[in-house]
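The values are calculated or read from the model by the stated rules, or taken from the named source; none is laboratory data. Treat the numbers as computed from the prediction; the structure is a model and nothing was measured. Cβ coordinates were reconstructed from backbone atoms using ideal geometry, including for glycine residues, and neighbour counts include every protein chain displayed.
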């Protein structure tokens, strides 16, 4: 799935158009690789994605994690819980952080979380692009 412009840019075949159920639907895609991808798009934002483990199922653990980001004035753009698959009821969190001008604050937040015994895995920092698709005439 993707915008028509991606099919044109990368020479892909469009199997079906307009499959969304909501007209203004936005879908997020990641382009993964070992080297930066050449693109004619301009980044509109920068984000980092982290995995944060809650080593114990204790009251207030998620609050403590979120408080660190608030203390460092970091805007969280996504928080998603995922099962640990080690024990029922144990979760880790996938957290996206807006980081354009705050790389130092992000590193400080990671250090604080580690000091509080929350394992943190920085998956990566990356630019965010907005692709505005032209809507077909009705």
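Residues are listed down the side, and each one gets a yes or a no for (1) modelled with pLDDT under 90; (2) assigned to a helix (DSSP H, G or I); (3) surrounded by 10 or more Cβ atoms within 10 Å (Cβ to Cβ):
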site	(1), (2), (3)
67	no, yes, yes
80	no, no, yes
87	yes, no, no
93	no, no, yes
96	no, no, yes
106	no, yes, yes
130	yes, no, yes
Quiz item: Out of (1) over 26 Å from residue 1 (Cα atoms); (2) surrounded by 14 or more Cβ atoms within 10 Å (Cβ to Cβ), what's the single condition that is false for residue 126?
Solution: (1)
Exercise. Search region 4-24 for residues that are without any contact (Cβ under 8 Å) to a residue 40 or more places away in the chain and pair each with any residue that is assigned to a helix (DSSP H, G or I) and surrounded by 10 or more Cβ atoms within 10 Å (Cβ to Cβ) when their beta-carbon atoms are under 6 Å apart and the residues are at least 6 apart or on different chains.
Key: 14/7
Exercise. Please tell me if residue 52 is in contact with a helix residue (DSSP H, G or I) (Cβ under 8 Å, 6 or more places away or on another chain), at pLDDT 75 or above, in a helix (DSSP H, G or I) and surrounded by 10 or more Cβ atoms within 10 Å (Cβ to Cβ).
Key: no
